[in-house]
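K.L.:
I'd like to ask you about the structure that follows.
The values are calculated or read from the model by the stated rules, or taken from the named source; none is laboratory data. It should be emphasised that the depicted structure is a prediction, and the values quoted were computed from it without experimental measurement. Because the Cβ atoms are built from the backbone with ideal geometry, glycine has one as well, and the counts that use them run over all protein chains shown. What goes into the accessible areas is simple: the full protein's heavy atoms, side chains included, and nothing from ligands, DNA or RNA. Shrake-Rupley method; radii C 1.70, N 1.55, O 1.52, S 1.80 Å.
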Amino acid sequence: MLVSKSKDTNLYRNSERRSLFRFLALYITLVMLLLLVLGMLHYRSHEALMLSNQRTLMLNHANKQYKAIKKLHNEEYPENRVYPRSSQFRSAIYDLSGKKIFSLLKHCPEHFGKDIYRISKSIHFLKTLDDNYYLGAKYLFIEMDEDFTWRREAIKEILLYGALALVVLGIFGLFFVRIFLRPMRDSITLLDNFIKDTTHELNTPISAILANIEMMDREQMGEKNEKKLVRINIAAKTVSHLYQDLTYLTLNHKRKSNDEWIDLKALIEDRVEYFSILATSKKVSFTLDLEASRLFIDGVKIARVVDNLISNAIKYNKRNGSIIITLRENYFIVEDTGIGIDAQKVNEIFERYRRFNSSEGGFGIGLNIVKSIINEYGLEITVHSLLKQGTTIKVEFPKNLKRKEEGVNNG
Amino acid sequence: MAKRVLLICLMLLLNAKADVYHDACVTCHQYQPATLEKMFMLYLKTYSVELSFKVSLKEFLKKPTEKKSLIGSEFIRNFSVKDPTRLSDKELDEAINTYWDLYNPKKNLK
């Protein structure tokens, strides 16, 4: 049977989304670094162009000032001791050793080897005087206030083209990541489709097996055959549990929730009874500490949560281990004495197809189902696990679900 | 009182320094076409830095030659090279320092 592509198989499943985000984060960071470098180069080119334009103007000013200084030196000094000034620029003269002779500059010169450079909000132009040191000057500096139009234009262009490039490269990135993730998506789609297709074929035979086991007359049976029947029952229930999970995964969680008042104590007792044969086969014992608690929730869904937690507690328990189930008004706890999980991997247990122990059967979908139901109803789940010591899973009920119950009781 | 005495001593000292420059330099140069102002500007234009200015001037005044002279060769042909100074090193330094301070553009430009 072919199953159409569903939400489960789209690109944005958790693991794929995480890979997508990681790749995009790396890609965008690299792209932004590249754009930053290009932006800086663009800024520098604008600056160089502006300085080039200013150089011609300031050279004219410098020549004019040089003539004025020369005139003062040759014809007027020391009778006239007023340094020549201009309203268009400020200037300064420095001697051969770089010591100041006279300065009208706002900023002290920083370079005696650069002909033009920016300093604070001004531009300095340097004219080196050769042969004749009029007024003792070897270096003549011209200073002008900077016009920031070029900078505004440069920044505007950088932001505009940068944003445009970021969008275009981002689209390319998204396109590339889809190509890179396609093999992973295809394999997950294949697995999902396989599960969906096979699930539909499991129902009838499992139901027939379980019904016939229940109907068999055990009194007529020898002890040997009864043991065999128990084994068949365990195997059938294991497959049935798996079938329930797969059915939920493929069909049930898409149906509308049928919320009702669920007696959790009765539910847990029923599910413990259901799994008792499986637990007995592994010599795992149950200890129940149950108080009355009711929850307004879909019965099928809360049963999936309880079933999966109990099933895992049995599956990953040691032989002769135990399972303690505690139920209180606002929470229930399933604690086992099993193999436990590495603390660093606890956060990964809810991922679909994630299995930490390949020795046990299963698809790694049980806790993923639990998590999706927990999220749907706003329940809280906390996992504490110690390797080789056991796992404790606590499910807390939100106050609003309990309030609903109070409202009904009061009403 | 002590301040007054100190001030008078300082003025006398400065006056004494100025006197060396005045007696040894100004008295002659004030009647010559090569004025002290022009000579200063010529040395300043050539050496730029205070130390070079003073060292080269002192060297010339102690052993004047046509080669060391900054003044034009035509002037030397007409007036010949000046005689070596009779001032002691100390007096010569004092006179040159006074001369530098009097026209130094670093101090005088406004």
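K.L.:
Can you name the residue in segment A:132-150 that is in a strand (DSSP E or B) and open to solvent by 10 Å² or more (accessible area, probe 1.4 Å) and, of all such residues, is nearest to B:LEU51 (Cα to Cα)?
P.N.:
A:TYR139
Table: residues versus (1) open to solvent by less than 60 Å² (accessible area, probe 1.4 Å); (2) touching an Asp or Glu at 6+ places or on another chain (Cβ under 9 Å).
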| position | (1), (2) |
| --- | --- |
| A:LEU164 | no, no |
| A:VAL168 | no, no |
| A:ASP186 | no, no |
| A:LEU190 | no, no |
| A:GLU201 | no, no |
| A:ALA211 | yes, no |
| A:ARG218 | no, yes |
| A:LYS237 | yes, no |
| A:LYS265 | no, yes |
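K.L.:
Quick check on A:GLU273: is it in the same structural domain as A:ILE333 (by TED's automatic domain parsing), free of Cβ contacts under 8 Å to residues at least 60 places away in the same chain, farther than 26 Å from A:LEU202 by Cβ and part of a helix (DSSP H, G or I)?
P.N.:
No, not satisfied.
K.L.:
Sort out which residues of segment A:32-83 are among the polar types (S, T, N, Q) and away from chain B (no Cβ under 14 Å), and write them in order of number.
P.N.:
Matches in segment A:32-83: A:SER45, A:SER52, A:ASN53, A:GLN54, A:THR56, A:ASN60, A:ASN63.
K.L.:
Against the conditions (1) surrounded by 15 or more Cβ atoms within 10 Å (Cβ to Cβ); (2) farther than 22 Å from A:GLU273 by Cα; (3) modelled with pLDDT of 90 or more, where does A:VAL306 fall short? Just the number, please.
P.N.:
Exception for A:VAL306: condition (2).
K.L.:
Output the qualifying pairs, or none if there are none: Cβ atoms under 6 angstrom, residues six or more apart or on different chains, first residue in segment B:53-67 and within 18 Å of B:LYS106 (Cβ to Cβ), second residue of a type in the set (A, V, I, L, M).
P.N.:
What qualifies is B:LYS54/B:ILE96; B:LEU57/B:ILE96.
This table checks each residue for (1) within 41 Å of the chain's Cα centre (by Cα); (2) among the aliphatic types (A, V, I, L, M).
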position	(1), (2)
A:LYS196	yes, no
A:GLU219	no, no
A:GLU223	no, no
A:VAL239	yes, yes
A:SER257	yes, no
A:ALA266	yes, yes
A:TYR274	yes, no
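K.L.:
Further question on the same structure: Would it be correct to say that A:HIS73 is farther than 30 Å from A:GLY162 by Cβ, touching a Phe, Trp or Tyr at 6+ places or on another chain (Cβ under 7 Å) and outside any strand (DSSP E or B)? Lay out the reasoning, then the answer.
P.N.:
Details: farther than 30 Å from A:GLY162 by Cβ: yes; touching a Phe, Trp or Tyr at 6+ places or on another chain (Cβ under 7 Å): yes; outside any strand (DSSP E or B): yes.
Taking the combined requirement at face value, the residue satisfies it.
K.L.:
Identify all residues within segment A:34-81 that are over 29 Å from A:ALA137 (Cβ atoms) and open to solvent by less than 70 Å² (accessible area, probe 1.4 Å); write none if there are none.
P.N.:
First, the residues of segment A:34-81 that are over 29 Å from A:ALA137 (Cβ atoms): A:34-46, A:49.
Selection gives A:LEU35, A:GLY39, A:HIS42, A:TYR43, A:SER45, A:HIS46.
K.L.:
Something else about it: How about segment A:85-98: which of its residues are assigned to a strand (DSSP E or B) and within 14 Å of chain B (Cβ to nearest Cβ)?
P.N.:
If the condition is that a residue be assigned to a strand (DSSP E or B) and within 14 Å of chain B (Cβ to nearest Cβ), then A:SER91, A:ALA92, A:ILE93, A:TYR94 are the ones that fit.
K.L.:
Of all residues in segment B:61-110, which are hydrophobic (A, V, I, L, M, F, W, C) and more than 14 Å from chain A (Cβ to nearest Cβ)?
P.N.:
The first filter runs over segment B:61-110 and keeps only residues hydrophobic (A, V, I, L, M, F, W, C), leaving B:61, B:70-71, B:75-76, B:79, B:81, B:87, B:92, B:95-96, B:100, B:102, B:109.
Correct list: B:LEU61, B:ILE71, B:PHE75, B:ILE76, B:PHE79, B:VAL81, B:LEU87, B:LEU92, B:ALA95, B:ILE96.
K.L.:
Consider segment A:103-131. How many of its residues are in a loop (DSSP other than H, G, I, E, B) and either open to solvent by less than 90 Å² (accessible area, probe 1.4 Å) or over 23 Å from A:HIS46 (Cα atoms) (or both)?
P.N.:
Start the filter on segment A:103-131 by keeping residues that are in a loop (DSSP other than H, G, I, E, B), which leaves A:104-115, A:120-121, A:129-131.
Restricting the remaining residues to those that are either open to solvent by less than 90 Å² (accessible area, probe 1.4 Å) or over 23 Å from A:HIS46 (Cα atoms) (or both) gives A:104-109, A:111-113, A:115, A:120, A:129-131.
Counting residues in segment A:103-131 that are in a loop (DSSP other than H, G, I, E, B) and either open to solvent by less than 90 Å² (accessible area, probe 1.4 Å) or over 23 Å from A:HIS46 (Cα atoms) (or both) gives 14.
K.L.:
Could you figure out which of (1) surrounded by 13 or more Cβ atoms within 10 Å (Cβ to Cβ); (2) β-branched (Val, Ile, Thr); (3) not in a helix (DSSP H, G or I) isn't true of B:THR65?
P.N.:
Condition not satisfied by B:THR65: (1).
K.L.:
Of all residues in segment B:29-55, which are more than 14 Å from chain A (Cβ to nearest Cβ) and either in contact with a Lys or Arg (Cβ under 8 Å, 6 or more places away or on another chain) or surrounded by fewer than 12 Cβ atoms within 10 Å (Cβ to Cβ) (or both)?
P.N.:
Selection gives B:GLN30, B:TYR31, B:PRO33.
K.L.:
State all residues of segment A:99-144 that are away from chain B (no Cβ under 14 Å) and out of contact with any strand residue (DSSP E or B) (no Cβ under 9 Å at 6 or more places or on another chain); if no residue qualifies, say none.
P.N.:
Selection gives A:SER120 alone.
K.L.:
Here is a further query. Answer yes or no as to whether B:LYS58 is closer than 16 Å to B:LEU42 by Cα, open to solvent by 40 Å² or more (accessible area, probe 1.4 Å) and assigned to a loop (DSSP other than H, G, I, E, B).
P.N.:
The answer is no for B:LYS58.
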